[in-house]
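*Asks:* Quick one: the structure is below, questions incoming.
The values are calculated or read from the model by the stated rules, or taken from the named source; none is laboratory data. Source: prediction; values computed, not measured. Because the Cβ atoms are built from the backbone with ideal geometry, glycine has one as well, and the counts that use them run over all protein chains shown.
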């Protein structure tokens, strides 16, 4: 059936998760505004619990399970932020979490997931191995699989970030979010198109992992092929539900170079004094690369997360 | 005469500078609270204009000058944050700023000061050379010297950070701030002792630059001797006015190791997803090192700034 969520589902999700999530702040930077010639409003999901927007969706998915299901726990495969999010949301609800993680995941994400008491099974960094390991675990435990993005309640939960952003700003002309599996951008589009019908919703994607861009242009869901980008949260392929919502409600998908992702990330660190992971820098990179005309506009940007291995970089 | 400011001067300063400064947010971290067993409230002056609390004092000093003086501009010597702060405050008020900077100052600070249109004169990294170069410039231009910390209006301006912190939190048991020249801690003590007479005010200082600690213990102002610390904002010696206020109104000065400064800085970056400079990490380092008993207490910490050369560390 693959029912798709609409804004009433986002509203319901918001009520469900409100007391568990942070209502993250919206930051502005006059220095960056001057550089790009627009007014940018950054929704700081790097300050969300577990350091990423993913906590919203995971929380909503677990809290929407019937009691008979929730006692057997939840399971997922994830390269990191969804894993930590599901682990914490499960812990809060007193149910076990079984997580399949690629052995190549950043150390900080492995530690976080283990710290929330989840049971981790490592796998090869291929979609095939992730899915087969997950299948095994679900069979053994009776846990409910919570897909990182191709899940009705996850999408509804992710939509609450844009809902808050819109509530906390003046009428935005454009909203930008990164796209990987499509959970964030599909939820964002649902909220934006309902609350601000005149607002453009644009997805930004690394050129090195451009399956969403290619899928959008060909109107056919195409898989990632050897994706390679510093934005490690955006390596996955688009989900089915996500793609349907994107085709209907996203106005444009643009791709950006690795060079601009690093430049945008550095600009946000230096000018705004906040730590974001590379995936979060992709929308600003699109503006810096001239892919999104923003001159004089009010632009909302969702900073998706702040988790990265600082040990690799510093100290 | 060396008149000392009191809380009425801080209040006046706050009214004077209110529309130019950011009222910076107070952040908390449940992860760090768990580690230290206390409730910490971080006043985020890393988000202040020019990335440091120094903008408050510089702004107040310039706006307090009589019109006949202000037209000739302002001058100072500073290793960085005060320089940027004075440069921007002067620019806003349409008056020239003449800045003497040690040639060893971080690149990011030199660039910032130049970017605000100040005229920079480089000097050797000794107090003697800084002062003699400054004297020359003041003589040539008729500019008013604004000392980075040993200045009535600067101290009153810095006190506004603690005033806001106290206004925005429940009754704090302890307030911690780093000490270098003493501008921040003296302003902090004035606000805290007036608004919260029962609150302890504690200064934290790197063991490698412990002139304030030695001065406090001996009740005699002693100079820094070959100070060495990663906390580059805290290398300077205590000012005269600052020392008097510290002796009267600060309860304790504690010193911390370089190792703990790095650990505290990393903890704030990783857990709070915000960028602070090493000087800002010194108060949390004091807690981690067990120098300040905080168990079960409500503790305010002033994060002094967020300026550091990221290029040296990353990218």
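*Asks:* (1) over 12 Å from residue A:7 (Cα atoms); (2) surrounded by fewer than 19 Cβ atoms within 10 Å (Cβ to Cβ); (3) modelled with pLDDT of 95 or more: which one isn't true of residue A:195, the others all being true?
*Replies:* So residue A:195 meets the others, but not (1).
*Asks:* Look at segment B:295-315 and say how many of its residues are away from every other protein chain (no Cβ under 14 Å) and either crowded, with 22+ Cβ neighbours inside 10 Å or free of Cβ contacts under 8 Å to residues at least 40 places away in the same chain (or both).
*Replies:* Taking segment B:295-315 first, the residues away from every other protein chain (no Cβ under 14 Å) are B:295-302.
Right, trim to either crowded, with 22+ Cβ neighbours inside 10 Å or free of Cβ contacts under 8 Å to residues at least 40 places away in the same chain (or both) and you get B:299-302.
Total satisfying the criteria: 4.
*Asks:* Restricting to segment A:137-160, name every residue that is assigned to a helix (DSSP H, G or I) and closer than 19 Å to residue A:95 by Cα.
*Replies:* The answer is A:137, A:138, A:139, A:140, A:141, A:153, A:154.
*Asks:* Can you name every one of the helices (runs of 4 or more DSSP H) wholly within segment B:1-114 that holds 2 or more residues which are within 19 Å of the chain's Cα centre (by Cα) and away from every other protein chain (no Cβ under 14 Å)? Can you show your working first?
*Replies:* Details: elements: B:7-17, B:30-36, B:54-63, B:67-70, B:81-92.
Ranges flagged: B:7-17, B:54-63, B:81-92.
*Asks:* Please find, among B:185, B:155, the residue that is buried (at least 20 other Cβ atoms within 10 Å of the Cβ) and either modelled with pLDDT under 95 or touching a strand residue (DSSP E or B) at 6+ places or on another chain (Cβ under 8 Å) (or both).
*Replies:* Values: B:155 fails: either modelled with pLDDT under 95 or touching a strand residue (DSSP E or B) at 6+ places or on another chain (Cβ under 8 Å) (or both).
None of the other options fit; the residue is B:185.
*Asks:* Picking from B:144, B:160, which residue would you name as being farther than 18 Å from residue B:291 by Cβ and crowded, with 22+ Cβ neighbours inside 10 Å? Can you show your working first?
*Replies:* Details: B:144 fails: crowded, with 22+ Cβ neighbours inside 10 Å.
Among B:144, B:160, only B:160 is farther than 18 Å from residue B:291 by Cβ and crowded, with 22+ Cβ neighbours inside 10 Å.
*Asks:* What is the number of the single condition among (1) under 22 Å from residue A:106 (Cβ atoms); (2) touching a helix residue (DSSP H, G or I) at 6+ places or on another chain (Cβ under 7 Å); (3) away from chain B (no Cβ under 14 Å); (4) modelled with pLDDT of 95 or more that residue A:292 does not meet?
*Replies:* Unmet for residue A:292, out of (1) under 22 Å from residue A:106 (Cβ atoms); (2) touching a helix residue (DSSP H, G or I) at 6+ places or on another chain (Cβ under 7 Å); (3) away from chain B (no Cβ under 14 Å); (4) modelled with pLDDT of 95 or more: (1).
*Asks:* Quick check on my filter: what residues within segment B:257-282 are closer than 19 Å to residue B:303 by Cβ and assigned to a loop (DSSP other than H, G, I, E, B)?
*Replies:* Initially, segment B:257-282 is screened for residues closer than 19 Å to residue B:303 by Cβ, giving B:258, B:260-282.
Within segment B:257-282, B:273, B:275, B:276, B:277 meet the criteria.
*Asks:* Hey, another quick one. Quick one: which of A:307, A:295 is outside the structural domain of residue A:112 (by TED's automatic domain parsing), on the phi < 0 side of the Ramachandran plot, under 15 Å from the mean Cα position of the chain (by Cα) and not in a helix (DSSP H, G or I)? Give the derivation first.
*Replies:* On the way: A:295 fails: under 15 Å from the mean Cα position of the chain (by Cα).
Among A:307, A:295, only A:307 is outside the structural domain of residue A:112 (by TED's automatic domain parsing), on the phi < 0 side of the Ramachandran plot, under 15 Å from the mean Cα position of the chain (by Cα) and not in a helix (DSSP H, G or I).
*Asks:* If you check B:193, B:91, B:163, B:109, which single one turns out to be farther than 25 Å from residue A:273 by Cβ and either in the same structural domain as residue B:74 (by TED's automatic domain parsing) or in contact (Cβ under 8 Å) with a residue 12 or more places away in the chain (or both)?
*Replies:* B:193
*Asks:* Examine segment B:247-259 for a residue that is at pLDDT 95 or above and within 14 Å of chain A (Cβ to nearest Cβ), and state whether such a residue exists. Steps first, please.
*Replies:* Taking segment B:247-259 first, the residues at pLDDT 95 or above are B:247-259.
Applying the additional criterion that residues be within 14 Å of chain A (Cβ to nearest Cβ) yields B:258-259.
Yes, because at least one residue in segment B:247-259 is at pLDDT 95 or above and within 14 Å of chain A (Cβ to nearest Cβ).
*Asks:* Now for a separate question. Out of A:228, A:220, I need the residue that is assigned by TED's automatic domain parsing to the domain that holds residue A:23 and farther than 30 Å from residue A:122 by Cα. Which one? Even if it seems obvious, please write down each step before you answer.
*Replies:* Working: A:228 fails: farther than 30 Å from residue A:122 by Cα.
Answer to the check: A:220.
*Asks:* If you go through segment B:5-15 one residue at a time, do you hit one that is touching a residue at least 24 places away in the same chain (Cβ under 8 Å) and farther than 30 Å from residue B:118 by Cβ? Don't jump to the end; show me each part of the working.
*Replies:* Initially, segment B:5-15 is screened for residues touching a residue at least 24 places away in the same chain (Cβ under 8 Å), giving B:5-7, B:9-14.
This time we only want the ones that are farther than 30 Å from residue B:118 by Cβ, so: B:6-7.
For segment B:5-15, residues touching a residue at least 24 places away in the same chain (Cβ under 8 Å) and farther than 30 Å from residue B:118 by Cβ: present.
*Asks:* Moving on. Identify the single condition in (1) out of contact with any strand residue (DSSP E or B) (no Cβ under 8 Å at 6 or more places or on another chain); (2) in contact (Cβ under 8 Å) with a residue 12 or more places away in the chain; (3) surrounded by fewer than 20 Cβ atoms within 10 Å (Cβ to Cβ) that residue A:173 does not satisfy, given that it satisfies every other one.
*Replies:* (1)
*Asks:* Let me ask something else about it. Considering only residues that are assigned to a loop (DSSP other than H, G, I, E, B) and in contact with a strand residue (DSSP E or B) (Cβ under 8 Å, 6 or more places away or on another chain), look in segment A:231-256 and name the one that is surrounded by the most Cβ atoms within 10 Å (Cβ to Cβ).
*Replies:* The selected residue is A:231.
*Asks:* Residues to consider are B:282, B:292; find the one that is under 26 Å from residue B:168 (Cα atoms) and buried (at least 24 other Cβ atoms within 10 Å of the Cβ).
*Replies:* B:282
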